[in-house]
1. Run residue B:55 past the list (1) over 30 Å from residue A:117 (Cβ atoms); (2) in contact with a helix residue (DSSP H, G or I) (Cβ under 8 Å, 6 or more places away or on another chain); (3) free of Cβ contacts under 8 Å to residues at least 12 places away in the same chain and report the number of the one that doesn't hold.
2. Quick one: residue B:79 ticks every box in (1) at pLDDT below 90; (2) in contact with a strand residue (DSSP E or B) (Cβ under 6 Å, 6 or more places away or on another chain) bar one, so which box is it?
3. Tell me yes or no: at least one residue of the range A:140-157 is surrounded by 12 or more Cβ atoms within 10 Å (Cβ to Cβ), within 30 Å of residue B:61 (Cα to Cα), at pLDDT 70 or above and within 14 Å of another protein chain (Cβ to nearest Cβ).
4. Specify the residue that is nearest to the chain's Cα centre (by Cα); the eligible residues are those in the range B:23-37 that are crowded, with 17+ Cβ neighbours inside 10 Å and closer than 12 Å to residue B:121 by Cβ.
5. In the range B:70-90, what residues are assigned to a helix (DSSP H, G or I) and in contact with a helix residue (DSSP H, G or I) (Cβ under 7 Å, 6 or more places away or on another chain)?
6. Is it the case that residue B:68 is more than 17 Å from residue B:122 (Cα to Cα) and touching a strand residue (DSSP E or B) at 6+ places or on another chain (Cβ under 9 Å)?
7. So if I check each of B:38, B:67, which one is within 8 Å of chain A (Cβ to nearest Cβ) and not in a helix (DSSP H, G or I)?
8. Please enumerate the residues belonging to the range A:66-91 that are surrounded by 10 or more Cβ atoms within 10 Å (Cβ to Cβ), modelled with pLDDT of 70 or more and outside any loop (DSSP other than H, G, I, E, B).
């Protein structure tokens with residue numbers, strides 16, 4: 001059959017009819033949360049809950065308690081009188097004063113030998129001639145006014161020379 | 001001239017330093033039987049000749065040992081007399097001079113003199129003999 005003439009297009013058929021969306025159904029109904037149950041009853045007299053900065057049987061300590069606790073035990077044994085908090089001055093003396101004194105002592109010990117030798121090695125300024133031991137009879141030999149001996153030296157002498 | 005007179009009024013050495021050098025001189029003289037003299041002061045350009053003339057002016061130059069130290073010229077001379085040379089040869093003088101030199105380099109004039117004089121005295125120590133002298 002010859003193809004002639006326009007073929008009428010079919011009416012578009014909707015593939016799917018728009019289905020109205022269902023109302024969202026909640027998967028799970030919100031369950032009301034239970035009231036928080038305290039793990040430990042602080043009101044109970046049988047359980048002792050330590051609070052921040054408080055220890056059983058000890059006094060309240062300040063913000064330096066953690067640092068001080070590394071050096072000084074803060075807990076008081078049972079039956080002993082309650083420990084008193086160290087003052088700021090005591091804390092400073094313990095943490096700064098004693099190390100500073102120890103450092104000063106060690107530094108002084110290290111420097112002691114150097115201080116002892118400080119004056120020993122200094123060059124001695126020699127301004128005038130010095131004779132020690134037996135000296136020549138004529139002291140004018142070395143006072144700078146006359147030349148010593150004018151060339152009369154003993155023959156057959158020995159010795160050594162050095163310069164530094 | 002005694003050492004104390006030499007030190008008086010000079011002020012170059014402290015009394016303790018003078019005492020140290022004098023003690024070393026006495027020990028060296030006791031050990032060796034020689035006479036030791038120490039001169040610390042300025043010399044000439046030819047320090048060896050100057051020291052030789054100083055040595056010749058000593059009272060008993062043949063038995064004397066002169067140690068001359070010139071801190072200005074940085075010169076050290078050791079002169080031993082003809083008789084002293086028999087027990088204190090030049091090599092021993094050279095060793096003592098090297099010992100003193102090392103101390104002088106460090107600026108320790110007195111310590112170098114003390115050590116050198118002690119070394120010279122020990123080197124010139126007369127050997128002990130078991131032979132009886134007639």
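The values are calculated or read from the model by the stated rules, or taken from the named source; none is laboratory data. Bear in mind that the values here come from a model prediction, so they are computed numbers and not experimental data. Every residue, glycine among them, receives a Cβ derived from its backbone with ideal geometry; neighbour counts consider all protein chains shown.
1. (3)
2. Among (1) at pLDDT below 90; (2) in contact with a strand residue (DSSP E or B) (Cβ under 6 Å, 6 or more places away or on another chain), residue B:79 violates only (1).
3. Looking through the range A:140-157, at least one residue is surrounded by 12 or more Cβ atoms within 10 Å (Cβ to Cβ), within 30 Å of residue B:61 (Cα to Cα), at pLDDT 70 or above and within 14 Å of another protein chain (Cβ to nearest Cβ).
4. Filtering the range B:23-37 for residues that are crowded, with 17+ Cβ neighbours inside 10 Å and closer than 12 Å to residue B:121 by Cβ, the one nearest to the chain's Cα centre (by Cα) comes out as B:36.
5. B:84, B:87, listed by residue number.
6. yes
7. B:38
8. A:88, A:90, A:91
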